[in-house]
Amino acid sequence: MQGLSIKLSQQQKLSPQQIQLIKLLQIPTAELAARVEEELEQNPALEEGVDSERFEEEGERETVEDLEREELEIGDYLQDDYAGYKMAGDSYDPNEEIRERPMATVPSAEEFLLMQVGFVVSGDREQLIAEQVIGSLEDDGYLRRNIESIVNDLAFTIGFETNYAEVEAVLMKIQQLDPAGIGARDLKECLSLQLHRKSVGEDAAHLLAIQLVDTYFDDFSKRHYAALQQKLGVDEPALKQAIAVITRLNPKPGGTEAGEVAQFLQPDFIVTQVDGKLEIKLNGKNAPELRVSKSFQEMLQTYEKGNKQQKDIKEAVTFIKHKLDAASWFIQAIQQRQGTLMKTMESIVTKQYDFFLTGDDARLRPLKMKEIAADIAMDISTVSRVVSAKSVQTDFGMFPLKYFFSEGITHESGEDFSTREVKNILREIIAGEPHDAPYSDEDLEGILSERGFIVKRRTVAKYREQLGIAVARLRREL
């Protein structure tokens with residue numbers, strides 16, 4: 001007879017409040033206003049405005065630890081502890097908004113895409129292809145011209161030889177740009193790009209929405225809902241929630257008005273030089289003032305005086321407490337979101353201080369997200385959520401936060417160089433090579449080694465491909 005054994009396991013589940021905070025961390029400033037508006041519509045205990053009397057008192061704000069509370073006593077609601085919270089960070093000054101660069105003067109969606117494309121393409125070849133692809137997009141953001149035609153356009157108009165695979169690879173990079181869904185070739189791809197752009201976490205409705213679009217789009221588009229329930233093994237409410245996720249997506253990501261494009265140029269941070277020092281601000285233009293409704297607190301006080309044994313009074317108290325809890329948690333989550341964003345940006349600026357002073361790419365140092373996570377004493381997943389889809393306006397232009405992260409290579413002198421710098425050096429070497437005898441990857445490995453960079457041949461080949469530079473044989477033929 002085999003002995004019995006008991007196996008204990010410990011699991012950590014996120015509370016609804018923690019999940020809410022995680023979702024708020026991921027969304028950029030341009031989408032924050034819509035999320036706040038959604039919460040205001042759903043919760044009557046949350047309202048716009050600020051309690052000036054309480055707002056001026058220091059130290060009265062709810063602490064972050066309050067997110068951990070399972071339940072509040074009725075008395076807690078009657079102490080008016082919910083200070084209004086301006087969702088802009090302590091450094092935000094509404095009087096200074098007039099000094100910001102006017103974001104709404106973007107003339108076209110095409111120019112906005114061209115501003116971003118340099119962050120995702122590598123080398124002159126990909127840049128040229130990207131410009132052709134972007135120029136082929138229609139007003140609604142779709143690419144309806146087939147890739148073979150784009151290949152032919154490049155060959156006939158400027159004598160540029162490329163192929164289907166190379167153009168499609170560049171198109172996939174363009175599809176990473178904002179707005180989400182841009183460059184799609186049909187509605188299915190447009191919706192799929194938007195759904196996959198967002199982190200789904202434990203959101204069952206979002207995961208089901210991805211299945212509907214990626215696997216069962218034909219049934220979904222024909223509204224065969226009964227068949228979908230059977231195929232997916234879900235009930236009607238779950239299917240409705242997934243459909244609601246899809247219907248909130250944008251079927252025309254290109255937009256037609258300049259203002260529709262301008263919202264994507266809303267930076268999350270603004271870093272400027274003031275008297276030779278860097279000043280960091282969290283952009284709060286899309287964040288209204290929020291507070292917990294006093295009328296709901298007074299309503300709870302009234303019910304508290306009644307007979308709590310009566311079913312209707314008991315249900316009313318439970319409802320009001322739930323809404324007050326949700327309002328308080330949302331305000332606290334917004335407050336913690338702003339604090340976490342600022343901590344992360346301050347750490348990035350500290351690590352890349354020379355770049356923010358000069359705008360010189362050569363001043364960017366190797367940086368990994370785990371380095372920022374250790375610096376601000378937070379999990380690397382938190383840093384990743386903050387960095388995702390966020391941008392910063394500097395004196396030298398706007399940059400996605402991901403721009404400041406790269407692997408590093410140690411020079412024989414002991415100095416660390418970012419892979420971006422090494423790629424630039426590699427591009428310069430190839431640009432100066434003999435036209436009749438271009439350098440092989442092995443040659444390039446040797447030249448980099450002579451300059452103090454120990455980079456293996458396969459790594460050289462990877463960097464060359466990322467730069468969009470052909471192998472030596474093809475460069476000689478070209």
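The values are calculated or read from the model by the stated rules, or taken from the named source; none is laboratory data. Please read all numbers here as calculations on a predicted model, not as lab measurements. When we count neighbours, we look across all protein chains shown, and the Cβ atoms used for this are built from the backbone with ideal geometry, even at glycine. Each accessible area value is taken on the protein alone, full model and side chains, heavy atoms only, with ligands, DNA and RNA left out. Shrake-Rupley method; radii C 1.70, N 1.55, O 1.52, S 1.80 Å.
Residue selection: residue 348 satisfies the criterion of being farther than 30 Å from residue 37 by Cα, part of a helix (DSSP H, G or I), among the β-branched types (Val, Ile, Thr) and at pLDDT 85 or above.
Among the criteria (1) part of a helix (DSSP H, G or I); (2) touching a Phe, Trp or Tyr at 6+ places or on another chain (Cβ under 9 Å); (3) within 25 Å of residue 116 (Cα to Cα), the one residue 167 does not fulfil is (2). State yes or no: is residue 389 part of a loop (DSSP other than H, G, I, E, B) and either within 17 Å of the chain's Cα centre (by Cα) or surrounded by fewer than 17 Cβ atoms within 10 Å (Cβ to Cβ) (or both)? Yes. For the stretch 220-235, a residue qualifies if it is open to solvent by 40 Å² or more (accessible area, probe 1.4 Å), modelled with pLDDT under 90 and not hydroxyl-bearing (Ser, Thr, Tyr), and the qualifying residues are 222, 223, 224, 226. The set of residues from the stretch 127-186 being modelled with pLDDT of 90 or more, acidic (Asp, Glu) and open to solvent by less than 50 Å² (accessible area, probe 1.4 Å) comprises 166, 168.
In the stretch 336-383, which residue that is hydroxyl-bearing (Ser, Thr, Tyr) and surrounded by fewer than 19 Cβ atoms within 10 Å (Cβ to Cβ) is farthest from residue 269 (Cα to Cα)? Restricting to residues being hydroxyl-bearing (Ser, Thr, Tyr) and surrounded by fewer than 19 Cβ atoms within 10 Å (Cβ to Cβ), the top hit is 381. Out of all the residues in the stretch 201-219, is one or more in a loop (DSSP other than H, G, I, E, B), at pLDDT 90 or above and loosely packed, with under 15 Cβ neighbours inside 10 Å? Yes, there is a match, as at least one residue in the stretch 201-219 is in a loop (DSSP other than H, G, I, E, B), at pLDDT 90 or above and loosely packed, with under 15 Cβ neighbours inside 10 Å. Within the stretch 431-451, track down each residue that is open to solvent by less than 100 Å² (accessible area, probe 1.4 Å) and either within 21 Å of residue 120 (Cβ to Cβ) or acidic (Asp, Glu) (or both). Answer for the stretch 431-451, where residues must be open to solvent by less than 100 Å² (accessible area, probe 1.4 Å) and either within 21 Å of residue 120 (Cβ to Cβ) or acidic (Asp, Glu) (or both): 433, 441, 443, 445. In the stretch 452-465, what count of residues is obtained for those that are in contact with an Asp or Glu (Cβ under 9 Å, 6 or more places away or on another chain) and open to solvent by 60 Å² or more (accessible area, probe 1.4 Å)? Qualifying residue count, the stretch 452-465: 4. Of all the residues in the stretch 300-332, those that are open to solvent by less than 80 Å² (accessible area, probe 1.4 Å) and at pLDDT 80 or above number 12. I'd like to know if the stretch 146-169 contains one or more residues that are touching a Gly at 6+ places or on another chain (Cβ under 7 Å) and either touching a residue at least 24 places away in the same chain (Cβ under 8 Å) or closer than 29 Å to residue 396 by Cβ (or both). No; the residues of the stretch 146-169 include none that is touching a Gly at 6+ places or on another chain (Cβ under 7 Å) and either touching a residue at least 24 places away in the same chain (Cβ under 8 Å) or closer than 29 Å to residue 396 by Cβ (or both).
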